[in-house]
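The values are calculated or read from the model by the stated rules, or taken from the named source; none is laboratory data. Given the structure is predicted, the values throughout are model-derived calculations rather than measurements. Cβ placement follows ideal geometry from the backbone for every residue including glycine, while neighbour counts extend to all protein chains displayed.
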Amino acid sequence: MSTVLSFLTRRRGRNGFDLTDWLTWLYLLAAVLLMFGPVFWLALSSFKTESALQEYPPTLLPLAPVMATVEGYEEPLPLFRVTGGEHEGKVLAQVRRIGLNAQMVDPAAPGERVNVNINDRVPEREFTLALENYTTLFERFNFLLYFWNSVFITVIATIITVLFNSMAAFALSKYRFRGRTLVFILIIATLMIPPTINLVPIFLVVSELGLVNSPWGVIWPAVATPTGVFLLRQYMLTIPDDLLDAARMDHASEWRVYWRIVLPLSAPALAVLVIFSVMWRWNEFLWPLIVLNRSEEFTLQLALNSFQGDLQTAWAPLLAMTVLTLLPITLVFAVLQKYITAGIAQSGVK
Amino acid sequence: MFAPVTTAAAFVYRGAFELFERPMLALQKMTGAQRIAWVFLFPNLLIFSAFTFLPIILNFFYATTGSDRILLSERPYVGAENFASLLACENYLDPNSCGRDIFWRAVHNTGWFVVLQVGFMILFSLVTALVLNRDIPFRGFFRSVFFYPVLLSPVVVALIWKWILQRYGVLNATLEGWQLPVVNWLVEADWAFFWIVFVSIWAHMGFYTLILLAGLQAIPSDVYEAAEMDGASKWRVFSKITMPLLMPTMVVVIVLSLIRAVQAFDEIFVLTGGGPGSATLLVLQFIYETGFAFRPQLFGLAAAASLLMAGVLLVLTLMQLAATRKQAEG
């Protein structure tokens, strides 16, 4: 609160807020709306029933008709508020519609049926979360399979990435051997060769290895990231060599030096690489799109894409699935945002 | 709640150590303490060779051979035919006069996309970074606001906006509420193009804002204090101090975003599929469709188009190298 107070009382001009303060605040407010608004709207919409999603203009909150069980009727009946005619002001339950008239009953006195013009009534609605959008994902849309495929690729690829990249970084930062500079330059040079320009030949390699339609066809091509090697090498250079030599004096093997000394000391850089790798793999789209053609192998991203491409897009489950797909990344971001932004600002990679 | 997880992780960590300890020790005895570096390098280099170095060379073989076979031994040599077919054009400014008019439409679209997306994104990122660099409360929060979309997957980004922009979406409902004309945003060619630029700026500007902000914060404050003592106007401070000192960061950001924009694909593919017609078709989508989505799969043509794109990227990368070197010297 004190920051707000100091902000409100601080002044650049002589008299209160000056123009730039107003503009700054206006800009930030608009930005919050523009950056968060769409995601928020998606999340709200994902709790609406399919019929509420068809509604135009849409309501802000997910609303559903209020239903009432009326004595003498097996199914629950929708409630309406009557806005005109002789029953104006009453809340009645609709039994059925016949042409322009609706047969309605008073839930308190179910014996007597009355006729109301359909233009003289508006549905009674209340805030209801259509959780069935989410449950049907598990029952009818194989969500767990796609989720598992995505998690498998993300976790395995990240473990291999961290292992391979840290081993290479260790070799490049802690040993003097002939060809070291050449190897380092070669690895850094691949930063300039994005996989997008090698799609066809990478596909050949993957298909020769029999990895088409296999999660490994997505995992292997991506694990040797030059970014990771570079990031870790720069960090490991700051670890003093004396520490390693002391361990070697005690007859530690090189593997032990790497695993027991260098890796734990590189934890901050490893954490940055883990975050990046999770982000890359979870969000990856083009390469899985090429390698994974069978729907049993689809990742969440591919499943979302194939559902939205259907002629009859069923928006309700699609929106729910989109929310579940962005949820893990959002949670990770909410918890780690300070480290993520710092990591990116320092290394300049994404 | 985390205790069992950390215990399990520690167990796996120790287990992995012991698993590799003996074989690595045996290797160390064979290689000696220095050359074991190659053993550490080996897995990474193997992957690099298979999926980066080898494909670079193979790409040239594909670009100079024809047919829809993936195995190189089954592909007849056609020389520069693929390139000739892509580049056959009476007038490069008019895609209709080209043999592969779709490719040239994609090139034109990508050109416009790169100019508009990078131009406006850098502008907005710079303004945002300047705003966030001011002494405002909740700065961390606002920084996250801009950064959050960067983490979202392209498919999610596209679906978020598709839901808003559809004919009976919330944007048209709002416009109608204000008595403004409604538009079928993703069906009208010019609007569809506007929205792919807009959405891709929305999704990526947070990243560049962050880098520019770091650049701004690296400018020493005593420079500003000195300017204030001399009574320099705000505009003068901005144009004579902030901009020149931010220029190195700016150049890196511009080149980086150019490289990304040339390869734009994901969000746009999901949002518009390149349509209506080929109004939002970009080069990478052309490559993807030529090589993988359409039948017959014209791998040679796709590889040739990739190499042309690689040429553009190479020029941009060399520009970046020159810029960073200049930055390091300056």
* **Residues of the range A:282-337 satisfying the condition of being at pLDDT below 90 and aromatic (Phe, Trp, Tyr)** => A:Phe307, A:Trp315, A:Phe333
* Asked: Do any residues in the range A:133-160 that are among the small types (Gly, Ala, Ser) have Cβ atoms under 8 Å from those of residues that are modelled with pLDDT of 90 or more and outside any helix (DSSP H, G or I), where the two are at least six apart or on different chains, and which pairs are they?
  -> A:Ser150/A:Thr299; A:Ala157/A:Val223
* To do: Quick one: count up the residues across the range B:129-149 that are in a helix (DSSP H, G or I) and either more than 7 Å from chain A (Cβ to nearest Cβ) or surrounded by fewer than 18 Cβ atoms within 10 Å (Cβ to Cβ) (or both).
  => 6
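Filter the range B:151-178 down to the residues that are of a type in the set (A, V, I, L, M) and more than 7 Å from chain A (Cβ to nearest Cβ), then identify the one that is farthest from B:Val270 (Cα to Cα). Steps first, please.
Applying the first criterion (of a type in the set (A, V, I, L, M)) to the range B:151-178 yields B:151-152, B:155-160, B:164-165, B:170-171, B:173, B:175.
Then drop every residue that is not more than 7 Å from chain A (Cβ to nearest Cβ), which leaves B:157-158, B:165, B:171, B:175.
Values: B:Val157: 9, B:Ala158: 6, B:Leu165: 13, B:Leu171: 19, B:Leu175: 25 Å.
Step by step, filter the range B:151-178, then rank; the result is B:Leu175.
For the range A:24-40, what are the residues that are closer than 19 Å to B:Ser153 by Cα and buried (at least 18 other Cβ atoms within 10 Å of the Cβ)?
Step one: filter the range A:24-40 for residues closer than 19 Å to B:Ser153 by Cα, giving A:34-40.
Within the range A:24-40, A:Met35, A:Pro38, A:Val39 qualify.
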* To do: Look at B:Ser67 and say whether it is out of contact with any Leu (no Cβ under 7 Å at 6 or more places or on another chain), exposed (fewer than 14 other Cβ atoms within 10 Å of the Cβ) and among the polar types (S, T, N, Q).
  => no
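Tell me the helices (runs of 4 or more DSSP H) entirely within the range A:189-306 that contain at least 1 residues that are within 11 Å of chain B (Cβ to nearest Cβ) and hydroxyl-bearing (Ser, Thr, Tyr). Walk me through it before giving the result.
Values: elements: A:199-208, A:215-219, A:226-236, A:241-249, A:267-283, A:286-291.
Hits in the range A:189-306: A:199-208.
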* Structure fact -> When A:Glu296 is run through (1) buried (at least 16 other Cβ atoms within 10 Å of the Cβ); (2) within 26 Å of the chain's Cα centre (by Cα); (3) of a type in the set (D, E, K, R), the failure sits at (1)
* Asked: Any residue at all in the range B:260-273 that is within 26 Å of B:Ala192 (Cβ to Cβ), at pLDDT 90 or above, more than 9 Å from every other protein chain (Cβ to nearest Cβ) and assigned to a loop (DSSP other than H, G, I, E, B)?
  -> yes
* Scope the range B:213-233; condition under 28 Å from A:Gln346 (Cα atoms), assigned to a helix (DSSP H, G or I) and not hydrophobic (A, V, I, L, M, F, W, C); matching residues -> B:Gly215, B:Gln217, B:Ser221, B:Asp222, B:Tyr224, B:Glu225
* Asked: Here are some conditions: (1) at pLDDT below 90; (2) surrounded by 23 or more Cβ atoms within 10 Å (Cβ to Cβ). A:Ile185 meets all but one. Which one does it not meet?
  -> (2)
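For the range B:290-307, what are the residues that are within 12 Å of another protein chain (Cβ to nearest Cβ) and within 13 Å of B:Asp68 (Cα to Cα)?
So in the range B:290-307, the residues within 12 Å of another protein chain (Cβ to nearest Cβ) come out as B:290-293, B:297-307.
Once the filter is applied, which keeps residues that are within 12 Å of another protein chain (Cβ to nearest Cβ) and within 13 Å of B:Asp68 (Cα to Cα), the range B:290-307 yields B:Thr290, B:Gly291, B:Phe292, B:Ala293, B:Gln297, B:Leu298, B:Phe299, B:Gly300, B:Leu301, B:Ala302, B:Ala303.
Take the conditions more than 9 Å from chain A (Cβ to nearest Cβ), surrounded by 20 or more Cβ atoms within 10 Å (Cβ to Cβ) and out of contact with any strand residue (DSSP E or B) (no Cβ under 8 Å at 6 or more places or on another chain) and apply them to B:Ala279. Does it pass?
Numbers: more than 9 Å from chain A (Cβ to nearest Cβ): yes; surrounded by 20 or more Cβ atoms within 10 Å (Cβ to Cβ): no; out of contact with any strand residue (DSSP E or B) (no Cβ under 8 Å at 6 or more places or on another chain): yes.
It is false that B:Ala279 is more than 9 Å from chain A (Cβ to nearest Cβ), surrounded by 20 or more Cβ atoms within 10 Å (Cβ to Cβ) and out of contact with any strand residue (DSSP E or B) (no Cβ under 8 Å at 6 or more places or on another chain).
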* Structure fact -> In the set A:Thr313, A:Thr322, the lone residue that is in a loop (DSSP other than H, G, I, E, B) and under 20 Å from A:Phe138 (Cα atoms) is A:Thr313
